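First up is the structure itself, then whatever we jot down about it.
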Amino acid sequence: MANKEQVFDKVKEIIVDQLGVDEEEVVPEASFIDDLGADSLDIVELIMALEEEFGLEIPDDEAEKIATVNDAVEYIRENA
Amino acid sequence: MQRERVVVTGMGVVSPVGSTLETLWAGLISGQSGVGPVTRFDASDFPTRIAAEVHDFDPLKYVEKKEARHMDRFVQMAVAAAQDAYDDAELHDVDPERSGVAAGTGIGGMETLTEQHEILLTKGPGRVSPFFIPKMIANIAGAQVAMRFNLQGPNVTLVTACASSGSAIGDALRAIQYGEADVMLAGGSEAVLLPIAFAGFCAMKAMSTRNDDPVHASRPFDKERDGFVMGEGAGFLVLESLSHAKARNARIYAELVGYGRSADAFHVVEPHPEGRGAAQAMRRALRDADIDPNAVDYINAHGTSTQKGDLAETLAIKEVFGEQAYRLAVSSTKSVTGHLLGAAGAVELIASILAIKHQTVPPTVNLMEPSDDCDLNYVPNTPQQRPVHVVMSNAFGFGGQNAAIVAREYVS
């Protein structure tokens, strides 16, 4: 899956479901913690859901760098 | 040391027969059974295929979607009942440091445990949710209630199987009596209508198999009783020191005056045949309340509809109350609600307090022919209007752990 729009839409869907936020809030620059109300456990769960959806294994040191929606989309585009 | 007097100023329930005080009471009085076929999972391979399910429970009336996803059903139900109790008491500005929680659950988040165990087996350890532990552990319901209302005082979870919420209320009573807190949200919750729990209780032959006649399956003290009917739900009460309640002009439902606890020290699941531990808990509750057995008008029995349990409780009541055992009323509201396990003690204390409010004893339904040695006034099938000033609510758990609470009409 390389199409950025497709990846973004799928990531958005997962974020809306996992974090219970409105779709409009999920913009590329949104920070999971500062803008989308996630805590440390939410982020672990979110990363897991992304791994599951895109068939990835995201190492912990890479996962720690994923702070915004765009970080997640870019990581997936490069690694999925 | 003069103990603080403790009163009940708010109550909330989630039950198979109604999740408001009004609908619960209406269900108990009309005998409208909450028992039906199991719908929460496919029970066709199980000897027991009936349960008292809560069909209309919507956690999103109480918590947001994300929060709800991070709570097991037993926690969602606890939060709902606690919120309703809090609102019912019209509590607004409690002192956080003088307010706490005592919660009971027999089992905890078994639904979450089974879901995550399945994920562990099918997808591996890397897919087990980071919320698994904080959804599942038994004390999390009390923690969630404390966070919701910012209650920073005592916070305990009591696990005494089906006596759990009775134990929790007793503990909360003590916390206020001894000046540790002014306000306690006390109660319990349980939600284990799951294949694994059903399989376990079926293997013990503890549950009724009257699958073709669900509404008549829970029949405490009846000759034809054949086991309990599993239910789910929650009950919470706001307990408050009398001085705190008076200072804010709170409406007072009743005064909690006694708590007794004991162990059978006899068998993992069977009650002592003469109800030794049950009698001891009742006797201690009366002594704690400094109330003569002859003053008790109504006992809300543990009465689960098992052969041994109902008989042992009857024998214990006779031993403790003597002749008064034949004058007072005894009923088991489990005949209507099913057995709410760790939530039973709280929901049944609420039923007992509603009996004071309405001066009416709710019936034991499905009591067609009492079994031998069960010869008390079990209020068969129809409610009895009679003076109800002092009530006792019994809750006994597997493991032989027993709790009895005495409440009385509030007199200033």
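The values are calculated or read from the model by the stated rules, or taken from the named source; none is laboratory data. All values derive from a computational prediction rather than experimental measurement. All Cβ positions, even for glycine, are placed from backbone atoms using ideal geometry, and neighbour counts span all protein chains on display. Note: accessible area is taken over every heavy atom of the protein model, side chains too, but ligands, DNA and RNA are not part of it. Shrake-Rupley method; radii C 1.70, N 1.55, O 1.52, S 1.80 Å.
Among residues that are more than 18 Å from the chain's Cα centre (by Cα) and either farther than 30 Å from B:GLU255 by Cα or modelled with pLDDT under 95 (or both), B:ALA175 is not included. State whether one or more residues within the stretch B:62-85 are touching an Asp or Glu at 6+ places or on another chain (Cβ under 7 Å), at pLDDT 95 or above and part of a strand (DSSP E or B). No, because not a single residue in the stretch B:62-85 is touching an Asp or Glu at 6+ places or on another chain (Cβ under 7 Å), at pLDDT 95 or above and part of a strand (DSSP E or B).
Within the stretch B:251-261, restricting attention to residues that are of a type outside the set (Phe, Trp, Tyr) and open to solvent by 20 Å² or more (accessible area, probe 1.4 Å), the residue that is farthest from B:SER305 (Cα to Cα) is B:ARG251. Kindly indicate whether A:GLU52 is facing chain B (nearest Cβ under 8 Å) and assigned to a helix (DSSP H, G or I). Spelling it out, A:GLU52 is indeed facing chain B (nearest Cβ under 8 Å) and assigned to a helix (DSSP H, G or I). Restricting attention to the stretch B:23-61, the residues being away from chain A (no Cβ under 14 Å) and open to solvent by less than 50 Å² (accessible area, probe 1.4 Å) number 21. Residues in the stretch B:178-227 that are surrounded by fewer than 24 Cβ atoms within 10 Å (Cβ to Cβ) and of a type in the set (D, E, K, R): B:GLU180, B:ASP182, B:LYS205, B:ARG210, B:ASP212, B:ASP213, B:ASP222, B:LYS223, B:GLU224, B:ASP226. Within the stretch B:381-390, is even one residue closer than 27 Å to B:ALA161 by Cα, in contact (Cβ under 8 Å) with a residue 60 or more places away in the chain, touching a helix residue (DSSP H, G or I) at 6+ places or on another chain (Cβ under 8 Å) and part of a loop (DSSP other than H, G, I, E, B)? So far as the stretch B:381-390 goes, no, none of its residues is closer than 27 Å to B:ALA161 by Cα, in contact (Cβ under 8 Å) with a residue 60 or more places away in the chain, touching a helix residue (DSSP H, G or I) at 6+ places or on another chain (Cβ under 8 Å) and part of a loop (DSSP other than H, G, I, E, B).
Only one entry in B:ALA51, B:ALA43 is farther than 18 Å from B:MET147 by Cβ, in contact with a strand residue (DSSP E or B) (Cβ under 8 Å, 6 or more places away or on another chain), of a type outside the set (D, E, K, R) and assigned to a loop (DSSP other than H, G, I, E, B), namely B:ALA43.
The residues listed here are B:GLU67, B:GLU90; of these, the one that is on the phi > 0 side of the Ramachandran plot and either open to solvent by 70 Å² or more (accessible area, probe 1.4 Å) or within 14 Å of chain A (Cβ to nearest Cβ) (or both) is B:GLU90. Of the residues B:ALA172, B:ALA163, B:ALA146, the single one that is in contact with a Phe, Trp or Tyr (Cβ under 6 Å, 6 or more places away or on another chain) and not aromatic (Phe, Trp, Tyr) is B:ALA163. Screening A:ILE76, A:ILE14 for residues that are hydrophobic (A, V, I, L, M, F, W, C), more than 14 Å from chain B (Cβ to nearest Cβ) and in contact with a helix residue (DSSP H, G or I) (Cβ under 8 Å, 6 or more places away or on another chain) leaves exactly one candidate, A:ILE76. Annotation: of all residues in the stretch B:120-139 being more than 20 Å from B:MET71 (Cβ to Cβ) and of a type outside the set (Lys, Arg), the one that is nearest to the other protein chains (Cβ to nearest Cβ) is B:GLY126. Scanning the stretch B:123-152 for residues that are over 22 Å from B:LEU341 (Cα atoms), in a helix (DSSP H, G or I) and touching a Leu at 6+ places or on another chain (Cβ under 9 Å) returns B:ARG127, B:PHE132, B:ALA146, B:PHE149. Could you say whether any residue in the stretch B:72-84 is of a type in the set (Phe, Trp, Tyr), away from chain A (no Cβ under 14 Å) and buried (at least 23 other Cβ atoms within 10 Å of the Cβ)? Checked against the condition, which is being of a type in the set (Phe, Trp, Tyr), away from chain A (no Cβ under 14 Å) and buried (at least 23 other Cβ atoms within 10 Å of the Cβ), the stretch B:72-84 yields at least one hit. Applying a threshold of 8 Å to beta carbon distances and a minimum spacing of six or more residues, or different chains, the list of pairs starting in the stretch B:394-411 at a residue that is open to solvent by 10 Å² or more (accessible area, probe 1.4 Å) and ending at one that is part of a loop (DSSP other than H, G, I, E, B) and of a type in the set (Val, Ile, Thr) reads B:PHE398/B:VAL268; B:PHE398/B:VAL269; B:GLY399/B:VAL268; B:GLY399/B:VAL269; B:ARG408/B:ILE291; B:GLU409/B:VAL388; B:TYR410/B:ILE252.
The listed residues are A:ASP22, A:ASP9, A:ASP35, A:ASP42, and the only one of them that is open to solvent by 60 Å² or more (accessible area, probe 1.4 Å) and either basic (Lys, Arg) or within 14 Å of chain B (Cβ to nearest Cβ) (or both) turns out to be A:ASP22. Any chance the stretch B:335-349 includes a residue that's surrounded by fewer than 24 Cβ atoms within 10 Å (Cβ to Cβ), part of a helix (DSSP H, G or I) and in contact (Cβ under 8 Å) with a residue 12 or more places away in the chain? No, the stretch B:335-349 contains no residue that is surrounded by fewer than 24 Cβ atoms within 10 Å (Cβ to Cβ), part of a helix (DSSP H, G or I) and in contact (Cβ under 8 Å) with a residue 12 or more places away in the chain.
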